[in-house]
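I have placed the structure first, in the form of structure tokens, so that the comments after it can refer back to it.
The values are calculated or read from the model by the stated rules, or taken from the named source; none is laboratory data. Since the structure is predicted, the reported quantities are computational estimates derived from the model, not experimental observations. For neighbour counting, all protein chains shown are included, and Cβ atoms are generated from backbone atoms with ideal geometry for every residue, glycine included.
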Amino acid sequence: MDQAPSKKTPPGNPITFESTLKSSDTEEKLDIIFYRPIGYRIALFCAALKITPNTVTIISIFFGVAAGVLFYYPELWINVIGMLLLVFANSLDSADGQLARITNNKSRLGRILDGFAGDFWFATIHIAICLRSQNEGWSPFIWVLGVAAGASHILQSALGDYYRNVHLFFIKGSAGSELDNSAHLQAEYDTQTWSGNFFVKFVARGYLNYTKLQERLSPNLQKLLSLVYKKYPSDIPQPFVDDFRAKNKPLMRFTNIIQFNTRVIFLFVWLFINQAWLFFIFDIFILNAFLIYMLVQQEKVSRFFYDRLSKEQ
């Protein structure tokens, strides 16, 4: 769980914008056009000042939470300030990953903090909308919608992130992916003690549960991964990689739809028309519909390649 020491980019390998991206397969167009260029410049600035990726992530939490607080107020001009703060928070969220790739300063703790950052932002946003709606005459029932939308958000983020990392694992290998396995995480967790390591142990427990949730929701994918690890312990053959990429890549647009950009664009629309409660309806019914479709299709892809590999044994 400890953060790895920072390493400088080797001579002869100049830092480019493209080198800070994960993969063209998994990057969203709005990110490439807007957030990644801003994040790249922030990352270069932070690298020059030797600011760590985790520090950038923590700073993003403050901006994202402040944005959520401003959505409590019905005045549109205050909401617009909140929107700008949320956009900046997401730019920082982009920058921390790009900074980690620039400095080769990657860690599991950084990945966990990155996920927690978004949870803090949207927990604040949900609470603010519930309180705002009650001020506007809604009954306490609005909290039921808020909690349901929050649970939906957790599932959507968990599976969207997981499926992207699975795709990256197949096309770029372990080095190009942040795919984790609950069995390995459990083994690491069992070696840690609460005494003197309470925070690390607490965070590790939360991340272990998060990973188990991802795995429980994708049984066919787990069977495929288990077979791939067994059949190809070092490198996956390129023909298999190419076939998997071709069949799985169309699903990546759905992992993006249920993540930050689509959700926030519509949040801003609801705020502009002063109907913030629609944010919950959108999460529960529209984004969950995309989530279910993505899950079903991903399981079909996994089953297809599992059956194919099984027959080759």
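What is the number of the single condition among (1) out of contact with any Lys or Arg (no Cβ under 7 Å at 6 or more places or on another chain); (2) surrounded by 16 or more Cβ atoms within 10 Å (Cβ to Cβ) that A276 does not meet?
Only one criterion in (1) out of contact with any Lys or Arg (no Cβ under 7 Å at 6 or more places or on another chain); (2) surrounded by 16 or more Cβ atoms within 10 Å (Cβ to Cβ) is unmet by A276, namely (1).
Does the stretch 231-249 hold any residues that are among the charged types (D, E, K, R) and either at pLDDT 95 or above or part of a helix (DSSP H, G or I) (or both), and which are they?
Just the residues of the stretch 231-249 that are among the charged types (D, E, K, R), to begin with: 231, 235, 242-243, 245, 247, 249.
Answer for the stretch 231-249, where residues must be among the charged types (D, E, K, R) and either at pLDDT 95 or above or part of a helix (DSSP H, G or I) (or both): K231, D242, D243, R245, K247, K249.
Restricting attention to the stretch 70-124, which residues are touching a Gly at 6+ places or on another chain (Cβ under 6 Å) and among the aromatic types (F, W, Y)?
F71, W121
Being modelled with pLDDT under 95, in the same structural domain as F290 (by TED's automatic domain parsing) and either surrounded by fewer than 22 Cβ atoms within 10 Å (Cβ to Cβ) or in a helix (DSSP H, G or I) (or both) is the requirement here; does I154 meet it?
In short, yes.
Among (1) among the aliphatic types (A, V, I, L, M); (2) in contact with a Phe, Trp or Tyr (Cβ under 7 Å, 6 or more places away or on another chain); (3) free of Cβ contacts under 8 Å to residues at least 24 places away in the same chain, where does A89 come up short?
Unmet for A89, out of (1) among the aliphatic types (A, V, I, L, M); (2) in contact with a Phe, Trp or Tyr (Cβ under 7 Å, 6 or more places away or on another chain); (3) free of Cβ contacts under 8 Å to residues at least 24 places away in the same chain: (3).
Within the stretch 132-191, work out how many residues are without any contact (Cβ under 8 Å) to a residue 12 or more places away in the chain and of a type in the set (S, T, Y).
Number satisfying all stated conditions: 3.
Quick test for you: out of F199, F268, pick the one residue that is modelled with pLDDT under 95 and surrounded by fewer than 19 Cβ atoms within 10 Å (Cβ to Cβ).
Details: F268 fails: modelled with pLDDT under 95.
Exactly one of F199, F268 is modelled with pLDDT under 95 and surrounded by fewer than 19 Cβ atoms within 10 Å (Cβ to Cβ), namely F199.
Condition first: assigned to a helix (DSSP H, G or I), surrounded by fewer than 24 Cβ atoms within 10 Å (Cβ to Cβ) and not basic (K, R). Now tell me which residues in the stretch 95-108 satisfy that.
Here is the first cut: in the stretch 95-108, the residues assigned to a helix (DSSP H, G or I) are 95-103, 108.
From what's left, surrounded by fewer than 24 Cβ atoms within 10 Å (Cβ to Cβ): 97, 101-103, 108.
Across the stretch 95-108, the qualifying residues are G97, I102, T103.
Is it the case, given these coordinates, that K212 is out of contact with any Cys (no Cβ under 9 Å at 6 or more places or on another chain), assigned by TED's automatic domain parsing to the domain that holds D242 and either closer than 26 Å to D307 by Cβ or surrounded by 13 or more Cβ atoms within 10 Å (Cβ to Cβ) (or both)? Break it down stepwise before answering.
Working: out of contact with any Cys (no Cβ under 9 Å at 6 or more places or on another chain): yes; assigned by TED's automatic domain parsing to the domain that holds D242: no; either closer than 26 Å to D307 by Cβ or surrounded by 13 or more Cβ atoms within 10 Å (Cβ to Cβ) (or both): yes.
The answer is no for K212.
Any residue at all in the stretch 167-180 that is surrounded by 16 or more Cβ atoms within 10 Å (Cβ to Cβ), more than 30 Å from L21 (Cα to Cα) and either assigned by TED's automatic domain parsing to the domain that holds W277 or modelled with pLDDT under 95 (or both)?
No: zero hits.
Go through G110, G146 for me and flag whichever is of a type outside the set (S, T, Y) and closer than 30 Å to A43 by Cβ. Show your work before the answer.
Values: G146 fails: closer than 30 Å to A43 by Cβ.
Among G110, G146, only G110 is of a type outside the set (S, T, Y) and closer than 30 Å to A43 by Cβ.
Go over the candidates I38, I42, I51 one by one and state the one that is farther than 19 Å from R111 by Cβ, aliphatic (A, V, I, L, M), at pLDDT 95 or above and not assigned by TED's automatic domain parsing to the domain that holds R253. Outline the logic, then answer.
Numbers: I42 fails: farther than 19 Å from R111 by Cβ; I51 fails: farther than 19 Å from R111 by Cβ.
Only one candidate passes the filter, namely I38.
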